[in-house]
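Following: one structure in structure tokens, then a few remarks.
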Amino acid sequence: MEARRRTTGPRRTSLCATFALLSVVAAVMLAAGGCGSPRYQYVTNKKDGAFLRVPNSWNHQEMPGPALFGIDARNVSPEMLQGLMSREWVVGLDAGARFDATRLLVPDAALPKGFAQVRHLLPEEANAVSTNDLRNFVLSVDDAQAAQDQAVRADPYGARLAPSFLLLADEVVHKKDGVHGVHLVYQVKTDAGLVTIDQTSLLDNGQSVLYQLILACSSLCYAQHGAQIGDVAKSFTIKPTDQGQ
Amino acid sequence: MDHADRITDLTDLPDPGPSSSGSSSSLAGPPAVDPAAKPRRRPLSLWDRSKFLLLLGAVFLFVVAAEVSGDPLMSWGDALRIQARKSAWILVLLGAEALRQVHMLVGERWSAYYVFWTERVFGRLERRFLRINDWNRFRLSRAAKWIVGLALALFIYARLSHTSVFDALVNIPGDLWDAIPVVLQIVLLMLLVVGQFVVMFWFLSKGGVETYFPEDITTRFADVWGQDHVVSRVRENVFYLERPEEIESRGGHVPGGILLWGPPGTGKTLIAEAVAGETGKPFVFVDPGAFSAMFVGVGLLKVKSLFRKLRKLSLRYGGVIVFFDEADTLGSRGGLGGNFGGGVGTGARSFFARQSASAAASAAHPAQAAHPTQAAHPTQAAQAAGRRLFGEHPVGPGCNGLSYLSAAAQAEIGREQFVVGGGGGGGGFDGTLQALLTEMSGLKKPRGFLNRVVRRTLGLRPKPPPKYRILVMMATNMPQSLDEALLRPGRIDRQYKVGYPSKEGRVRTFEGYLARVRHELTAEQVDRLAVMSPEATGATIKDTVNEALVQAVKDGREVITWQDMLRARVIKEYGLADDHEHIDRERHSIALHEACHAVVAYRMQRGRVIDLATIERRGGVGGFVAHVAVEDRMFMWKSEIEIQVMVSLASLVGERMFFEGDNTVGVGGDLRSATTLVANYLSSAAMGDTLSSRLAMLAQDMGTLSLDADRPFGQQIESKLRELYERTEVVLQNNRREILALTHALEEHKTITGEDVEAIMEGAVGPTVDGRRYHEPDFLSVFEGYHSNAVSAHRGQTHEVHRLPELGRAAAESGRQTEGTVGAVDERERR
């Protein structure tokens, strides 16, 4: 009897602790699995320090080949291509239901598409690049603006009513750790209709790594999803590392 | 599930602590404390309950933290949700563990639940599993392990090749096909590495074995002289090998092995050679060193390859003989080498113990002068015998104390120093000997791949091995270093001692070798030579004849004379004397000492004749008298032992008699042998007044018992020696003339043969000495004068000894008188 009485205390404690433990486990599992999917998808390149957050409904996928923007592909030798591939990180973004790598930059996309890329510049590129050059990486913005101005001078009303190029936003960006660049939003007239492009081009402090986020869709689409695109562009965060080289 | 599932402990005892989780009591065990209580699971401690949950929880937290870390955009909530998908397996395990803990907890509380699971679910499974027989259970578990292993390998392969498990499975044949070149390369590489060793060992395992065919060998049984009994037995074995049906049709079997053993040079190898020459079967000769190899295992390979060859030859020619020369190199695992003198033993061991004792005894014969110091230079046989018999016992310088003893007496004295080499060559420990034993009489197993595998695959029984008729012959002069297992019937069935050749054989051998040179020896002289050399072997006879030829050629003669033979024998048997000149006084005393030995021996001994008497120094031995046995006897009589002792004591008696009670220390060796002989035979052969065997008592550790408290053993020896001393004195007193005559002859010639001794004693003409002059009337007075001169020089009264008197050449008639007197004394002594 003595022994029995003595055992009562620890056994009760043990039981309570067990229940507590099991409930914690249940809570964790519920929190983890039961509350549905995450709000965002995270496009992350921890090696180069590029982070992006896109809505959960979007798709993204790392692209195998280099996106040779700003480089004349005819001058690229196989060795150079190999080198470029090792220096490039490109992720395609697609708000559509299915990710389609071949249709990332079509002018008439009904839903936002685009890509984020990190590229380690070749020494000669790094020496030549300037913040102004960043503006013209997708489209020669300054030339287009000049052509538009020219058209306005020739036909002030017509050109203003139906502009072939319209710069909606043009801001210089300065972020932490000396990351700097430009953020442009512009509308371009193409055969397929009006396209709106949201372009963020950044350089690190040493101007050796280029970070770019390009999002594009038809102007109608932009009118509908502009806020979403703005959120994504705003989340584009750079934490430069020295590991990239 | 866990072991704890099967716990049937009912006690309400306190929690036994963490260690209890692993320990389970048996399923069948009845409730230990209260049989009426409902069985429940033994409660687990909190730590045991939570440890896996905590571990899995910590792992999950870690992966979530890793997701958040370094990403400025990531929120904890999203990280948790992302990892819940990415690392779902952790949550699954966590859930399973939680479920298990719930199951355990219920089992601890609710008896019916617990019983349901342990008895109905797991118990039933277990009982069902136990119904499968052991072999099937083993096969099932083996299959399960294979399946799990393959599945795991497939999973890993799929991850490595970035495909799904199903794709990987489908791709496997194609991938394997693609991998064939690589696999072949690896296989080839391994073949090269293994092949190196194979080739190396193949080369190492060659050699040392030669095969002869009858026409290659010209030696015949007729060439083996003096070993007729052994030859006839060996022929018998070869006969059965050649006509196995003679014995096999009657239900017997062909004897498988012969061991020829005996002293070196007795013709063992010659017999084997004759077998090779006479038989119609191939003869395989194995070199003594064939099985000693640099690497362990090569010997074994050699044995195997040898027997493969033997089986092939045996099948092809219907039989084969294999001969291992110097078989002691095969080695021994110990056994036969030890406890040789001990009489108890069975089988081969006792056999050799018996034989070797007599061999050792007979080995002493040629040595006649088997003294350790003397053994340094005489013939090889004498050396061996000297070492074997007397070990390293030092005896003071002087006359050889044993040379006049019979072999048995010598063996008796040396008995306690028997040092018989055991062990033999190495090689017994690397498997060579064992392989040989197995090959000689191992498992009779079917051989060959076709026979064993293919026939069995087709459902046939393998053919039993054919009868391989292999006769193994071995020869050794160290039978005690052979392995006992080698000598058992079925391996070496027959052991033949190839001893020293018979007298007829020796005569034949002498005649054979003498026929090749020019000589003038008569048939009687050859016969006498044979008598004088009881231990001669073919090799020593050949050597002696050659030495005689050398002596003749040295003297510018072409023909060997009897003198040459005698000189050759002395050189070969006793070695060359030192180039040492005794000073006159010492020469006289040594000559007298030896003359006393010789006279007592000549007058008293039966069955043995004097071979040689010399006062030339050989090593530490001033001189000696050597004997040969003319009969091959096994036992000595008590009276003969006494005569041996008297011969030993003669030197002491004589020195005291002629030198006014003085004696040299040269008698030390004689006294030692006399004492040892008396002590041994007193204590073992009832030579004295008591009957009990003191030696037996010593062997049984009863040496402290006193046989006769009033008369200590030492006194008995002393009184026996005293009695024999007095008898010797009488003999010497009666032969004063002969002693002086021999002394003179020894001083003059240094070395005289046994025939000379006989001539001097009998007044006849010997080969080197004319004995008649010693029987001239004036000899005694002339030589007594010389002797008293020597005695006074010994006393120190004069400082120079007169010159040794020259004796006239003419024979004197008066010699015969002395002979008559001596004959009378002799008769008296014998009575």
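The values are calculated or read from the model by the stated rules, or taken from the named source; none is laboratory data. What you see is a predicted model, and the numbers here were worked out from it, not measured in a lab. We place every Cβ from the backbone using ideal geometry, glycine too, and count neighbours over all the protein chains shown.
Scanning the range A:212-245 for residues that are away from chain B (no Cβ under 14 Å) and in a strand (DSSP E or B) yields a total of 6. Quick one: would you say B:L61 is without any contact (Cβ under 8 Å) to a residue 12 or more places away in the chain and either more than 8 Å from every other protein chain (Cβ to nearest Cβ) or over 21 Å from A:K46 (Cα atoms) (or both)? So B:L61 fits the description; yes. What are the residue pairs meeting all of these: first residue in the range B:232-245, first residue over 15 Å from B:E273 (Cβ atoms) and in contact (Cβ under 8 Å) with a residue 24 or more places away in the chain, second residue in a loop (DSSP other than H, G, I, E, B) and β-branched (V, I, T), Cβ atoms under 8 Å, and 6 or more apart or on different chains? What qualifies is B:L241/B:V254; B:L241/B:T279; B:E242/B:T279; B:P244/B:V254. Taking first residues from the range B:790-803 that are within 18 Å of B:H593 (Cβ to Cβ) and surrounded by 13 or more Cβ atoms within 10 Å (Cβ to Cβ) and partners that are at pLDDT 70 or above and among the polar types (S, T, N, Q), the Cβ contacts under 7 Å between residues at least 6 apart in sequence or on separate chains come to B:V801/B:N789. Against the numbered list (1) more than 13 Å from chain A (Cβ to nearest Cβ); (2) crowded, with 20+ Cβ neighbours inside 10 Å; (3) over 18 Å from B:K38 (Cβ atoms), B:Q101 comes up short only at (1). Note on the range B:64-78: residues that are more than 8 Å from chain A (Cβ to nearest Cβ) and in a helix (DSSP H, G or I) total 6.
Each residue in the range B:585-632 was checked for being within 16 Å of B:V570 (Cβ to Cβ), in contact with a helix residue (DSSP H, G or I) (Cβ under 8 Å, 6 or more places away or on another chain) and modelled with pLDDT under 90, and 16 pass. Do we have B:V92 as modelled with pLDDT under 90, loosely packed, with under 15 Cβ neighbours inside 10 Å and either assigned to a helix (DSSP H, G or I) or within 12 Å of chain A (Cβ to nearest Cβ) (or both) here? Taking the combined requirement at face value, the residue does not satisfy it. Restricting the range A:92-118 to residues that are of a type in the set (K, R) and at pLDDT below 85, the residue that is surrounded by the fewest Cβ atoms within 10 Å (Cβ to Cβ) is A:R98. Condition (residue is part of a loop (DSSP other than H, G, I, E, B), more than 14 Å from chain A (Cβ to nearest Cβ) and at pLDDT below 95) applied to the range B:133-153: is it met by at least one residue? For the range B:133-153, residues part of a loop (DSSP other than H, G, I, E, B), more than 14 Å from chain A (Cβ to nearest Cβ) and at pLDDT below 95: present.
Restricting the range B:595-620 to residues that are outside any loop (DSSP other than H, G, I, E, B) and of a type in the set (V, I, T), which is surrounded by the fewest Cβ atoms within 10 Å (Cβ to Cβ)? Applying the filter and picking the extreme gives B:V609.
Selection of the range B:527-556 for residues being over 34 Å from the mean Cα position of the chain (by Cα), surrounded by fewer than 20 Cβ atoms within 10 Å (Cβ to Cβ) and of a type in the set (A, V, I, L, M) yields B:V550, B:V553.
Scanning the range A:231-240 for residues that are more than 11 Å from the chain's Cα centre (by Cα) and surrounded by fewer than 19 Cβ atoms within 10 Å (Cβ to Cβ) yields a single hit, A:K239. Annotation note: of B:T118, B:T163, the sole residue that is of a type outside the set (A, V, I, L, M, F, W, C) and closer than 29 Å to B:A37 by Cα is B:T118. Within the bounds of the range B:104-112, is there any residue that is in contact with a helix residue (DSSP H, G or I) (Cβ under 8 Å, 6 or more places away or on another chain), surrounded by fewer than 17 Cβ atoms within 10 Å (Cβ to Cβ) and assigned to a helix (DSSP H, G or I)? Checking the range B:104-112: at least one residue is in contact with a helix residue (DSSP H, G or I) (Cβ under 8 Å, 6 or more places away or on another chain), surrounded by fewer than 17 Cβ atoms within 10 Å (Cβ to Cβ) and assigned to a helix (DSSP H, G or I). Looking across the range A:171-181 at every residue that is at pLDDT below 90 and under 20 Å from A:R135 (Cα atoms), the one that is surrounded by the fewest Cβ atoms within 10 Å (Cβ to Cβ) is identified as A:G178. Among the residues examined, B:Y496 does not qualify as touching a Pro at 6+ places or on another chain (Cβ under 7 Å) and not in a helix (DSSP H, G or I).
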